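The values are calculated or read from the model by the stated rules, or taken from the named source; none is laboratory data. Computed from a prediction, not measured in an experiment: that's the story for all the values here. Glycine gets a Cβ as well: all are built from the backbone with ideal geometry, and neighbour counts include every protein chain shown.
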Amino acid sequence: MTEKLKKLKIGIPKGSLQDSTFELFKKAGFKISVSGRSYFPRVDDAELDPILIRAQEISRYVEEGVLDAGLTGKDWITENGSKVEEVANLVYAKSGLRPVRWVLAVPEDSHIKKASDLSGKRIATEVVNITKGYLKKHGVKAEVEFSWGATEVKVPTLVDAIVELTETGTSLRENKLRIVDTVLESTTRLIANKKSWQDPWKRKKLENMKLLLEGAIIAEEKVGLKMNVPRKKLEAVMNELPALRNPTISPLAQEDWVAIETVVDEKIVRQIIPNLKAAGAEGIIEYGLNKVIF
């Protein structure tokens with residue numbers, strides 16, 4: 001009789017993070033797809049049992065053991081007061097590799113310039129507990145109400161200020177709102193139920209997932225470079241070549257030539273390729289990466 005296949009129940013954030021999470025898992029080596037309105041994605045790993053849930057709820061289900069693990073923001077872990085194991089800090093969001101911020105915002109012409117100016121005012125937000133904690137830290141008493149959405153349009157007609165999520169601040173500026181302060185900075189976390197984390201098989205599965213996901217995030221900002229270099233110009237080329245570690249140098253069939261392969265930051269490639277060419281490199285090839293594991 002065969003042993004029952006072990007499963008890791010994992011929550012995947014539905015909504016704004018869904019597409020970027022699927023893409024991250026793809027680069028990490030997991031193909032996840034979902035059809036229509038289904039909340040149960042397909043994944044090419046028989047040991048994973050994924051379900052799509054809003055990020056706001058995932059930490060609660062993980063804490064209660066309904067899920068073994070999940071991906072959600074540090075903000076929602078804090079808002080829910082969830083006691084979970086934070087396995088990995090994964091810095092990615094809907095539109096890029098950056099943290100997101102919950103900010104205190106007011107109309108451009110508002111007299112509110114700092115936290116103390118909120119005394120006696122009304123604030124709308126989706127993160128009530130986080131906002132109350134911010135006010136307490138600053139010794140301010142104000143009314144905080146839960147907002148079901150469209151929070152930006154509530155000032156100044158319905159409330160005096162809002163605490164809203166932003167990545168770039170563009171939407172706030174378009175709605176003629178001014179950021180007063182950052183209430184909380186948040187990144188996506190891979191979290192685990194405390195009991196599940198103590199299970200050797202589940203812990204190993206999560207540690208391996210962490211390794212692959214972190215490698216995929218690192219690779220987002222790196223590229224590989226290959227090139228051929230005459231031996232007599234090797235030193236000059238090497239002086240132009242930053243690298244994560246020492247580049248790989250391999251002899252070619254022609255004894256007076258070598259091949260170099262390395263990984264560099266994508267943001268500097270356009271600067272160094274002309275310099276490499278001028279230093280003597282030929283046949284330069286740039287290629288994308290899925291994972292970089294240190």
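Please determine, by comparing only the residues of region 87-96 that are surrounded by fewer than 17 Cβ atoms within 10 Å (Cβ to Cβ) and assigned to a strand (DSSP E or B), which one is modelled with the highest pLDDT.
That would be N89.
Would it be correct to say that T78 is closer than 15 Å to T187 by Cβ, out of contact with any Pro (no Cβ under 6 Å at 6 or more places or on another chain), modelled with pLDDT of 95 or more and not in a loop (DSSP other than H, G, I, E, B)?
yes
Scan region 97-139 for residues that are over 15 Å from E185 (Cα atoms) and in a strand (DSSP E or B) and jot them down.
The answer is V106, P107, R122, I123, A124, T125.
Condition check ((1) surrounded by fewer than 14 Cβ atoms within 10 Å (Cβ to Cβ); (2) under 15 Å from the mean Cα position of the chain (by Cα); (3) under 30 Å from N275 (Cβ atoms)) across all residues:
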{"residue": "E145", "(1), (2), (3)": "yes, no, no"}
{"residue": "T151", "(1), (2), (3)": "no, no, no"}
{"residue": "E164", "(1), (2), (3)": "no, no, no"}
{"residue": "T168", "(1), (2), (3)": "yes, yes, no"}
{"residue": "R173", "(1), (2), (3)": "no, no, no"}
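Of the residues L225, L276, only one is touching a strand residue (DSSP E or B) at 6+ places or on another chain (Cβ under 8 Å) and in a strand (DSSP E or B); which? It would help to see each step written out before you state the result.
Numbers: L276 fails: in a strand (DSSP E or B).
Exactly one of L225, L276 is touching a strand residue (DSSP E or B) at 6+ places or on another chain (Cβ under 8 Å) and in a strand (DSSP E or B), namely L225.
For region 79-89, does any single residue satisfy the condition of being out of contact with any helix residue (DSSP H, G or I) (no Cβ under 7 Å at 6 or more places or on another chain), of a type in the set (K, R) and under 30 Å from V144 (Cα atoms)?
No - not one qualifying residue is present in region 79-89.
Please indicate, with yes or no, whether at least one residue in region 191-209 is farther than 30 Å from I10 by Cα, small (G, A, S) and in contact (Cβ under 8 Å) with a residue 40 or more places away in the chain.
Checked region 191-209: no residue is farther than 30 Å from I10 by Cα, small (G, A, S) and in contact (Cβ under 8 Å) with a residue 40 or more places away in the chain.
Please specify each residue of region 1-41 satisfying the condition of being touching a residue at least 40 places away in the same chain (Cβ under 8 Å), of a type in the set (A, V, I, L, M) and not in a loop (DSSP other than H, G, I, E, B).
Result: L8, I10, I12, L24, A28.
Out of (1) assigned to a helix (DSSP H, G or I); (2) exposed (fewer than 15 other Cβ atoms within 10 Å of the Cβ); (3) under 26 Å from the mean Cα position of the chain (by Cα); (4) not small (G, A, S), what's the single condition that is false for K210?
(2)
Select from region 249-269 the residues that are in a strand (DSSP E or B), under 34 Å from the mean Cα position of the chain (by Cα) and closer than 14 Å to I285 by Cβ and list them in ascending order.
Selection gives I260, E261, T262, V263, V264.
Scanning for something among the polar types (S, T, N, Q) and touching an Asp or Glu at 6+ places or on another chain (Cβ under 7 Å), does region 224-238 turn up at least one residue? Please lay out each step first, then the result.
We begin by selecting, within region 224-238, every residue among the polar types (S, T, N, Q); these are 228.
Keeping just the survivors that are touching an Asp or Glu at 6+ places or on another chain (Cβ under 7 Å) gives 228.
Yes, region 224-238 has at least one match.
Would you call E240 in a helix (DSSP H, G or I) and either crowded, with 17+ Cβ neighbours inside 10 Å or over 36 Å from the mean Cα position of the chain (by Cα) (or both)?
no
Please state which one of V84, V106, V62 is modelled with pLDDT of 95 or more, over 26 Å from L212 (Cβ atoms), hydrophobic (A, V, I, L, M, F, W, C) and crowded, with 17+ Cβ neighbours inside 10 Å.
Just one listed residue meets the conditions, V106.
For F30, all conditions in the list (1) of a type outside the set (K, R); (2) under 15 Å from R189 (Cα atoms); (3) under 20 Å from the mean Cα position of the chain (by Cα) hold save one; what is the number of the exception?
(2)
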